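In what follows, a single structure is set out as structure tokens and then discussed.
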Amino acid sequence: MASTLRPKLKTAFKKSRVIAPLHTAGPVAVTPDGTRLVTCVGEEALLTDVKAGVEICRFAGDTESITALCITPSAEHLLLFTSSLSLRIYEVPSSPAPLLKPIKPIRIVTRAHDAPVHVCKADPTSTYLASGSADGVVKVWDILRGYVTHVFKGHGGVVSALAFNYPFDPSSVVRDQKMQLITASVDTRIRIFDLSAASSRTGAGSKPEAVLEGHVSVPRGLDVSRDGKWLVSGGRDSVVLVWDISPKISSGQKNKSSKGKGKEAEFSPVLSKTIPVLERVEAVGLLNPDEDLAGAPSGPGKLRIYTGGEKGLVKIWDAREGTVLFTLGQEQENVAEDQEEQRQIVDSIYIPATSTIVSVHADQNILFHSLSTQTLSRQLIGFNDEIIDVTFLSPNLPLQAGSSTSDLADTHVALGTNSSLIRVYSTSSLDARLLSGHSEIVLCLDRGAEGRVLASGSKDRSARLWAPVRQHAGESAPSIPEWGCVAICEGHAESVGAIAMSRKALSADAAGDNSLRFMFTGSQDRTIKMWDLSAVPLACDSPRDDAMKCKSLTTHKAHEKDINSLDVAPNDRMLVSGSQDRTAKVWEIDYSVSGGAARGELRLLGTCKGHKRGVWCVRFGRAERVLATGSGDKTVKLWNLDDFTCVKTFEGHTNSVLRVDFLNAGMQLVSSASDGLVKLWNVREEECIATMDNHEDKVWALAVSTDESTIVSGAADSTVTFWKDCTEEQEVEKATQRVEMVQKEQDFSNYLALHDYRNAILLALAMQQPGRLHSLFKNLPSSAPPDLPPSISGHPAVDEVLRTLSGTDLSRLLRYVRDWNAHARTSAVAQRVLHAIVKLRAADDVMRAFDEETALSAVVAEDGAGTGKSESKGATALKELMDALIPYTERHLTRMERLLQDSYVVEFILGEMDDGMFGELGDEDGDMGMMEVDRVIEVAA
């Protein structure tokens, strides 16, 4: 009965989701509807679906870094400049379906400028593109036709900002509104150019209509109101200037005739307001006057702006009053000097369609701030660097003991990267949050209370415990809850590189409330400390609450070298530690609480010796008294906890095994190593069942979900991969394929019995079974009735099939003929079929067959359903086919000629034997007695 309850082995995991680098450096753009994001990863631009967190496509680069990019307001074109000074124009796909192949540009201007372009902007009509280069030249391009319409020179250095002014009234019948281009450069001046057709014809377009002087440092942001009246500019001089740029019409001009030269209004911009921001401004913009801001009135007369700068906050201002309405984002306290520049905002993008402001930070993080709720709606982390550790979290689980729900379990993952910040991701999207508290790199992570609490150890010699912020009544739960530090464990003399929390579910304290029990930390100082967590809360009211100090219950000098890993047994009675001294030690845990005071002690039970290199990971079995260790000697060992002997050794990795864990009630193991592979093992057979490969560097992090349906691996290539159990799907697929194959084989036999050779041949080609096809052609001469007319292949019906075979089927049949022709045993059939094809089909038909195969392969590749075979296509494939057929055919011909010659010799010898030997020995009557025949045979022998 026990054997029937044994769980089925997992044999296959598929890659279900990947968290890869999203933004490494360079500019960022968002489509006007806010659904898609364009970022730079290396030398390529990446288009991502913001909500689903799925990469839609990549835009092929020119192996040079991207210096500027923008999306047209119509979201039809992407325009980008690279360090090679080229302008590349792409069509943005409208479908959200991911594309496998990079998108090629529709136009390339090889030398658009003589210096690198750092800013570019498309006009509101998606017709023109303005680009400003480092040599002070601004060019205006016609996007569809790809030529320059205007060139503006005279800027005193690098062009730092661009903006179009095109007030368009849809209700107006007359469409003669003037388009202006506003530029800013490092000479602190702002210039306004007229782009109208009349000015370009007269040559006046090369000179600015106005030059605005007011900044004392480089302006970094420009924006114009929709009605074209207001211009705002912000710079690194920590001020925002509001300019009135509406044309002024004097009383004298009103009375003049419309035919005179005075019909044009006087253009003289006026500085209306100076707003001290008290921080360097990197981005500034105007909000929609009708934007609904909580606690702030809206209307046509309101003028509100947003700024982003060095403090990493987005500030919303009332431009007329010069006051801050509210701020978006959290200002971090106690930020180290080396992190001061990383948090600053380098660009901000306003999306009126979704009432969102997107802020791009210097540390490659992209934040989406909701103006209506004044909260952080989404945060995308551009680059995670090396993934050091990972663990699943369940912050939405109720706090009652034993209330685990599958829908609420393992909804998030925490990542420890080469940073002091902990990343917490949603398992279903790219939305993430950053937990700040450690002052140096976080080295290890663990979870407690079934994922409700997170523990971290760092190079700053401390360990911290994190709990989700408590949700108040009436508040909707966010996609990723806020986390706050609730406890700090300090006392180690070196980095904390290993951490393990108690494995039991929540325990009840004296008051009846659920609480944690204990935690262990291992350090480079070679000691293990046990910490009392009985007073640590499971939730916090605010991320800014003060964290409590935990008390150390005991400290043990455990190993002779650094401690790399710790694990607590499922029953909380044992602790195991793995070290660089090549040993794993098992300890007995003595923990008790009496009178509100906790007491804890460790006692050494045994030492596991046998590894030839340091032990990187240790894990207790969840169902049996066994222990698994992964080592730098490329092996995983399984140990018996009764006598601490090695019972099994798993070999297969080509480099150090860094992580190991149990699956399937201890029947299977999963391991990751420095070779970039994740392997699934069968414990009983000591063999590798499956190998998962999606990493290009050391796989430091490995975690298994509670239901064991998902494995998460993180590597030094900054990639996190979610592997989904697909064992049942694979078995169902194999069973379906077997049923289909049996059905096709039965149909094939029926077709042969009915002499339906057309369907039989087509079915054999579709099943890709050259053996059955060979048997069919081989048996044709013997099965054909004698009264049939002569045929080339052996049957007239087969001749007709070969004469009318479609292109792709003909090319596949010729490849089978090529393979048959390479063996003497099957060459006869190959030559007969080849002879039939050559006699019945024209050479153009054969050439077209391979061309059709090429076209079909291109369609299949676009659908992403390729066969994985690397056969050549088109004319190349036909040439390779002929090169393979001719030598073997010549060899077969030579062999047949030699056989024919040998047959003549045999025939001559037999003739000589019949006419010569037996004729001379005969008597006159031609009769020969039996005795004489026997004598002749005996003499001949």
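Take the Cα atoms of region 575-624, build their convex hull, and give its volume per residue in Å³.
109 Å³
Would you please give the residues with an amide H less than 5 Å from that of residue 77, counting only those at least 5 places away or on a separate chain, with H modeled from the backbone geometry?
72, 92
If you add up the charges near residue 147, with Lys and Arg at +1 and Asp and Glu at -1, over every other residue whose beta carbon is less than 12 angstrom from its beta carbon, what do you get?
+2
So who's got an amide H within less than 5 Å of the one on residue 311, skipping anything under 5 residues away but keeping other chains? H placed 1.01 Å off N, in plane.
Under 5 Å from the amide H of residue 311: 345.
Please state, as a whole number in µm²/s, the translational diffusion coefficient that the Stokes-Einstein equation yields for region 730-862 at 25 °C and 0.890 mPa s, with Rh defined as the Kirkwood radius across alpha carbon pairs.
154 µm²/s
Using 7 Å Cα-to-Cβ label points, what is the residue 375/residue 43 separation (nm, one decimal)?
It works out to 4.4 nm between the two label points.
Explain nothing, just compute: Karplus ³J(HN,Hα) = 6.51 cos²θ - 1.76 cosθ + 1.60, θ = phi - 60°, for every residue of region 558-574 in order, whole Hz, x for Gly and Pro.
Those phi angles translate into 9, 9, 8, 9, 4, 8, 9, 8, 9, 8, 9, 5, x, 8, 6, 9, 9 Hz.
Report ³J(HN,Hα) in whole Hz for each residue of region 94-111, in order, from the Karplus equation J = 6.51 cos²θ - 1.76 cosθ + 1.60 where θ = phi - 60°; Gly and Pro get x.
Along region 94-111, the couplings run 8, 7, x, 5, x, 10, 7, 8, x, 7, 8, x, 8, 8, 10, 9, 5, 10 Hz.
Quick check on packing: order 526-538, 445-457 by the mean number of other C-beta atoms within 10 Å, highest mean leading.
Result, highest mean Cβ count within 10 Å first: 445-457, 526-538.
Could you order peptides 667-679, 488-500, 545-557 by the average number of other Cβ atoms within 10 Å of their residues, highest first? The partial results should precede the final answer.
Details: 667-679: 23.2, 488-500: 20.7, 545-557: 15.7.
So the peptides 667-679, 488-500, 545-557, ranked by packing, come out 667-679, 488-500, 545-557.
In whole Hz and in residue order, list the ³J(HN,Hα) couplings for region 187-192 that follow from phi through the Karplus curve 6.51 cos²θ - 1.76 cosθ + 1.60, θ = phi - 60°; x for Gly and Pro.
Computed from phi, the couplings for region 187-192 are 7, 6, 9, 10, 10, 10 Hz.
Rounded to the nearest Å, what's the spacing between the alpha carbon centres of region 667-693 and region 585-621? Just the number, please.
Computed from Cα coordinates, the inter-centre distance equals 26 Å.
Just order 26-36, 11-21 by mean Cβ neighbour count inside 10 Å, highest at the front, would you?
Per-residue mean Cβ counts within 10 Å order the peptides as 26-36, 11-21.
Which residues' amide hydrogens lie under 5 Å from the amide hydrogen of residue 57, considering only partners 5 or more residues apart or on another chain, with H built in the peptide plane?
Those qualifying (amide H under 5 Å, at least 5 residues apart or on another chain) are 47, 99.
How high is the FRET efficiency from residue 216 to residue 60, r the C-beta distance, R0 45 Å, rounded to 0.05? Numbers along the way, then the final one.
On the way: r = 43 Å, r/R0 = 0.95.
Rounded to the nearest 0.05, the efficiency is 0.60.
Given charges of +1 on the Cβ of Lys and Arg and -1 on the Cβ of Asp and Glu, with all other atoms neutral, how large is the dipole of region 730-862 about its Cα centre, in debye to the nearest 20?
540 debye
Throughout, read-outs are computed from the coordinates displayed, never taken from laboratory work. Predicted, not measured: the structure shown is a model, and the values here were computed from it. All Cβ positions, even for glycine, are placed from backbone atoms using ideal geometry, and neighbour counts span all protein chains on display.
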